[in-house]
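For reference, the structure is listed below as structure tokens.
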Amino acid sequence: MVVVRGSKGATRLVGATAVCLLAGCRRAPSTFQPLGDPAAGIARLGWPATVTMAAIVLVVTALLLWGAFRSGPRDMERAESERRGVRWVVVGGALVPGLILACLFGTMLATLHAISEPDGPPAATIRVTGHQWWWEVEYVGADGTPLFQTANELHVPVGRPVRLELRSADVIHSFWLPQIAGKTDLIPGRVNRMWLRADEAGEFRGQCAEFCGVGHAAMLIRVVAEPSDEYRRWAADQSHLPAVDSTGMAAFRESGCAACHRIAGTLAQGKVGPDLSHVGSRATLAAGILPNTPGALAAWLRSPDSLKTGALMPDLSLSEPRIERLVAFLEGLK
Amino acid sequence: MSATAAEAARASRLAAIWETRPGVVGALASVDHKDVGKRYLVTAFVFLVVGGIEALLMRIQLAHGGASTLSPELYDELFTMHGVTMIFLYASPILSGFANYLWPILIGTRDMAFPRMNALSYWIFLFAGIFIYTSMAIGDMPDAGWFAYAPLTGKAFSPGPGLDFYALGLLFLGISTSVGAVNFIVTLFKMRAPGMSLNRMPILVWGTLTASFSIIYALPPLSVALVMLWFDRQFGMHFFDSSAGGSPLLWQHLFWIFGHPWVYIIVLPAMGMVSDIIPTFCRRPLVGYTYVAFATVSTGIIGFGVWVHHMFATGLPQLSLSFFSAASLVIAIPSGISFFAWIATIWYGRPVFKTPFLFMLGFIVLFAIGGVSGVMTGLLPFDWQLTDTYFVVAHLHYVLIGINVFPVVGALYYWLPKITGRMLSERLGRWNFWVMFIGFNVAFFPMHWLGILGMPRRIFTYPAGLGWDASNMVVTAGAFVFAVGILLLSINIAWSLRNGVPAGPNPWDAGTLEWSIPSPPPPYNFEVIPTVDSRHPLWENGPGIAEGESDLTEGPVLDEDGHEVIGTSVLDGAPETIQHMPGDSLWPLYLTLSLTLLFYSLVSAHWPLAVSGAGLALVCLVGWHWPGRDPGEEG
């Protein structure tokens, strides 16, 4: 595996483009303002736990300061003060914390029970495979037959649970959508499962949460939650073979793109990079760090590594006319 | 008159026996626990500063979204080196420094049980640190985080030598830690002053004892994992390679079976120091001594049963995860016991607000915050949101800085006068405390919030406009204020070495044995081996807060036949034997140099040289144990 060492300008561009990309979701992706499950269930545990813990800190700090600065006589007899002190230790140090922890543990078990399974049959099963540094996404039927592939973007119907099967092609990654679901790791050699349900239409930002190498910060996932009919339309579009322009396809193959990328229904069946069958329909490029515009795509083809340090896509030294043709071709794949 | 003259003659006889020879060779050969302790303290402090500079560089990069001060490669190397440095080269060694210096004078003896092993453990620590930092010199630092999850650490994903330095460097350092742990355990069980039964030991001793046992059980899993990692990388084995039947999760289990007890290894001795310092400034013994001693030991034991809470998101079965969740909550109870023992001691004491005490008060608050955030991450589903975010970064820094650095700095203010013979400036000390305390909280408290707002850890940059910018700027500002606090500490120490008020034997009116001898202590520590009858021998006659009839002026002198100490029984500290101790020697240094050669040749895969290094090490071991006079030993 070649990890190309990168230049500097990258980071600035990543930062700047991500701003406009994410202008859609202005709020921080707060785990305490969940817009779906299991995040909502977790927040119902997280909020009271946080408040209880904050209260504990305040109470013990007050006790400490009171004890340190209290006025009044401090010349109690030694044995008596030891006896009372030990009462503090037993009650304050063991009994009260034991009670609080038991309550928390009970609440935790209840939460675990509530969120371990979705409350209805899943609307879709999605296989997500982590790669350095992008997400492979494959929708499969109830019996596990592959339906269609995409990358770095999930579409889900609002209010319906979906199932995720998580795998890794290289190192450990972690799938995380703060507002909708906690983390589950993608581990080579294992299949992990999780479910999620978005309760509001919109776009949700997620990000790889387990350090996975130099591109870790640039491994974003986007989840689009949409009403059921829109979702079905999208899924149908993704299932159709794309209309492929033959001149563009020739440029695609001559440039070597087909070695790594797949376009459904053509001879391009590479499995190293993201599936490009409907790349024109996606909102972002390069795992969420670039908007999917002709300009950004051209810049990416010109020099992937300068936009995303460590990107495994090589710089193919394409000529400008070739880049122009490829951009037109790829943006046409909808 | 004649009594005084006899005492002076006795002192000079003892000094002649115990003194280290002057000059460079003498210094290199010294096995005096006080020399070893000081070297540990200074070296670990240097690593604290280096790791701190790495952290400041990262904070500059993260001060605002989309910054490009550091390349992602360099950022990844810095956070890895920061973690490795702080956890392995600062936090544990600084406590070894205190323990090495203080143990013999706390328990009333003249040296550690194995003085030469003690010197060996320092030399290996030093050279392992240099070895790990060689990766920086050659421009290829490890870059997979301090817990270095497989398979990212495999040759396929990390081809450079950085991770070989990590694997072999930590393996090398492990020798030092293990040797030190064995030494502490034997010293504690066999070398206490007559009459110092187990229930009369300072809590610091309990803390270091528990930590030492934990080290003996926790380090082998790490060493095994490191050897496997190096085999995978060097010889193409497949321990962590799932495509060939290996398991990446195996690394995580082995690492955290070591890693979580390690957290307690680097906090329990510090908590012990707190339990010993607070009574001095409250003018009364610790409330609930027995409870705190038991809490210390049980924390060490339960600490072995919680490692999977680092792996809650790995998709292991929920039933087993729930057990580890429960254990992670249960471990809060012994901490609660120590916590309320401190509060009760303060409550029923007469507090004197000197600088060391301020650091103890600050520590208690940070301990509470770090403790409850630990409970939050112990709640399994909640951890699915919190793990690998800045919330965890906040939590671990409240634990490691709050429970290690704050007590350590307080302990420096408390015990440096014993070590150097001069007081630190009280005025500068107060400034030091407040700058550190405020800077720390400004730097680390907002990180909790950042994690809850969805900011993952270990990202070299983040887009502006996500709601993370302002908090990150505050964090960076706080980090620099905290750094100023460390700078003030350094200035205060440097100032006191020249201008500090002479401390005298007992500047704090403390009750334990180390304050009965001059500051700095003579080479032989105690002119007369004391006989102990209570936990606070120095408080027996004074303020009337301790009862007992300890004898600090009459007892065995042992000034005739070389390095001699009293060996006592494990439980009661009843005198059993006169132990003859080895003197100064260069063999520990020679052995370390041979091992250093061995490890450098392993990292560069230079096998003939590696064989020579191993051969030389063997020769050194033979020489070390050969009867007769040793190089560097006095006549």
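The values are calculated or read from the model by the stated rules, or taken from the named source; none is laboratory data. Bear in mind the structure is a predicted one, so any value in this text is a computation, not a measurement. We place every Cβ from the backbone using ideal geometry, glycine too, and count neighbours over all the protein chains shown.
State whether one or more residues within the stretch A:267-275 are at pLDDT below 95, surrounded by 20 or more Cβ atoms within 10 Å (Cβ to Cβ) and away from chain B (no Cβ under 14 Å).
Yes, that holds for at least one residue.
Take the residues in the stretch A:191-205 that are at the interface with chain B (Cβ under 9 Å from one of its Cβ atoms) and at pLDDT 95 or above, then tell me which one is farthest from A:LEU35 (Cα to Cα). Step through it out loud before you land on a result.
Of all residues in the stretch A:191-205, those at the interface with chain B (Cβ under 9 Å from one of its Cβ atoms) come to A:191-194, A:205.
With the extra rule that they be at pLDDT 95 or above, the set shrinks to A:191-194.
Values: A:VAL191: 26, A:ASN192: 23, A:ARG193: 20, A:MET194: 17 Å.
Looking at the filtered set, the residue picked out is A:VAL191.
Restricting the stretch B:343-359 to residues that are part of a helix (DSSP H, G or I) and more than 8 Å from chain A (Cβ to nearest Cβ), which is farthest from B:SER275 (Cα to Cα)? Write out each step before concluding.
Step one: filter the stretch B:343-359 for residues part of a helix (DSSP H, G or I), giving B:343-347, B:355-359.
Right, trim to more than 8 Å from chain A (Cβ to nearest Cβ) and you get B:355-359.
Working: B:THR355: 16, B:PRO356: 12, B:PHE357: 11, B:LEU358: 14, B:PHE359: 13 Å.
Top of the filtered list is B:THR355.
Test B:LEU412 against the stated conditions and say whether it is surrounded by fewer than 23 Cβ atoms within 10 Å (Cβ to Cβ), more than 8 Å from chain A (Cβ to nearest Cβ) and out of contact with any Asp or Glu (no Cβ under 9 Å at 6 or more places or on another chain).
no
Quick one: would you say B:THR134 is over 26 Å from B:VAL393 (Cβ atoms) and either of a type in the set (Val, Ile, Thr) or within 14 Å of another protein chain (Cβ to nearest Cβ) (or both)?
yes
One residue is enough: does the stretch B:266-279 have a residue meeting the conditions in contact with a Gly (Cβ under 9 Å, 6 or more places away or on another chain), closer than 26 Å to B:GLY300 by Cβ and in a loop (DSSP other than H, G, I, E, B)?
Yes, the stretch B:266-279 contains a residue that is in contact with a Gly (Cβ under 9 Å, 6 or more places away or on another chain), closer than 26 Å to B:GLY300 by Cβ and in a loop (DSSP other than H, G, I, E, B).
Looking only at the stretch B:427-466, filter to residues that are more than 14 Å from chain A (Cβ to nearest Cβ) and among the basic types (Lys, Arg); which one of those is farthest from B:GLY478 (Cα to Cα)?
B:ARG427
Counting only residues that are facing chain B (nearest Cβ under 7 Å) and either outside any helix (DSSP H, G or I) or among the hydroxyl-bearing types (Ser, Thr, Tyr) (or both), how many does the stretch A:96-112 have?
1
Only one residue in B:VAL557, B:VAL570 is of a type in the set (A, V, I, L, M), part of a loop (DSSP other than H, G, I, E, B) and farther than 21 Å from B:THR4 by Cα, so which one is that?
Numbers: B:VAL557 fails: farther than 21 Å from B:THR4 by Cα.
After ruling out the rest, the residue left standing is B:VAL570.
Restricting the stretch A:150-190 to residues that are in contact with a Ser or Thr (Cβ under 6 Å, 6 or more places away or on another chain) and more than 8 Å from chain B (Cβ to nearest Cβ), which is surrounded by the most Cβ atoms within 10 Å (Cβ to Cβ)?
In this case the residue turns out to be A:LEU186.
Give me the helices (runs of 4 or more DSSP H) completely within the stretch B:16-133, filtered to those with at least 3 residues that are farther than 30 Å from A:GLY213 by Cβ and either basic (Lys, Arg) or free of Cβ contacts under 8 Å to residues at least 60 places away in the same chain (or both), ordered by residue number.
Qualifying helices (runs of 4 or more DSSP H): B:23-29, B:33-62.
Which count do you get for residues in the stretch A:258-285 that are among the basic types (Lys, Arg), closer than 20 Å to A:LEU312 by Cα and part of a loop (DSSP other than H, G, I, E, B)?
Residues meeting the conditions: 1.
On the given criteria, is B:LEU250 at pLDDT 95 or above and assigned to a helix (DSSP H, G or I)? Write out each step before concluding.
Numbers: at pLDDT 95 or above: yes; assigned to a helix (DSSP H, G or I): yes.
Yes.
Given (1) buried (at least 21 other Cβ atoms within 10 Å of the Cβ); (2) more than 24 Å from B:TYR166 (Cβ to Cβ), identify the lone condition not met by B:ARG283.
Here B:ARG283 clears every test but (1).
Within the stretch B:546-563, count every residue that is surrounded by fewer than 18 Cβ atoms within 10 Å (Cβ to Cβ) and either of a type in the set (A, V, I, L, M, F, W, C) or more than 30 Å from B:TYR348 (Cα to Cα) (or both). Write out each step before concluding.
Let us first name the residues in the stretch B:546-563 that are surrounded by fewer than 18 Cβ atoms within 10 Å (Cβ to Cβ), namely B:547-549, B:551, B:553-554, B:556-557, B:560-562.
Next cut, either of a type in the set (A, V, I, L, M, F, W, C) or more than 30 Å from B:TYR348 (Cα to Cα) (or both) only: B:553-554, B:556-557, B:560-562.
Selection size over the stretch B:546-563: 7.
Quick one: is B:SER325 buried (at least 24 other Cβ atoms within 10 Å of the Cβ), of a type in the set (S, T, N, Q), under 22 Å from the mean Cα position of the chain (by Cα) and within 10 Å of chain A (Cβ to nearest Cβ)?
No: the conditions fail for B:SER325.
Output the residues belonging to the stretch A:45-95 that are at the interface with chain B (Cβ under 8 Å from one of its Cβ atoms), part of a helix (DSSP H, G or I) and either of a type in the set (Lys, Arg) or touching a Cys at 6+ places or on another chain (Cβ under 6 Å) (or both).
A:ARG78, A:ARG84
Sort through B:LEU609, B:LEU595 and tell me the only one that's within 28 Å of the chain's Cα centre (by Cα), modelled with pLDDT of 95 or more and either surrounded by fewer than 17 Cβ atoms within 10 Å (Cβ to Cβ) or farther than 23 Å from B:THR109 by Cβ (or both).
B:LEU595 is the lone residue from the list that is within 28 Å of the chain's Cα centre (by Cα), modelled with pLDDT of 95 or more and either surrounded by fewer than 17 Cβ atoms within 10 Å (Cβ to Cβ) or farther than 23 Å from B:THR109 by Cβ (or both).
Of the numbered conditions (1) in contact (Cβ under 8 Å) with a residue 12 or more places away in the chain; (2) surrounded by 24 or more Cβ atoms within 10 Å (Cβ to Cβ); (3) within 13 Å of chain A (Cβ to nearest Cβ), B:LEU424 fails exactly one; give the number of that condition.
All conditions pass for B:LEU424, except number (3).
Quick one: which residue in A:GLY93, A:GLY67, A:GLY46 is surrounded by 15 or more Cβ atoms within 10 Å (Cβ to Cβ), at pLDDT 95 or above and among the small types (Gly, Ala, Ser)?
Of A:GLY93, A:GLY67, A:GLY46, the one residue that is surrounded by 15 or more Cβ atoms within 10 Å (Cβ to Cβ), at pLDDT 95 or above and among the small types (Gly, Ala, Ser) is A:GLY46.
Identify, from the list B:TYR398, B:TYR390, the residue that is in contact with a Phe, Trp or Tyr (Cβ under 7 Å, 6 or more places away or on another chain), over 19 Å from B:ALA494 (Cα atoms) and surrounded by 24 or more Cβ atoms within 10 Å (Cβ to Cβ). Write out each step before concluding.
On the way: B:TYR390 fails: in contact with a Phe, Trp or Tyr (Cβ under 7 Å, 6 or more places away or on another chain).
Among B:TYR398, B:TYR390, only B:TYR398 is in contact with a Phe, Trp or Tyr (Cβ under 7 Å, 6 or more places away or on another chain), over 19 Å from B:ALA494 (Cα atoms) and surrounded by 24 or more Cβ atoms within 10 Å (Cβ to Cβ).
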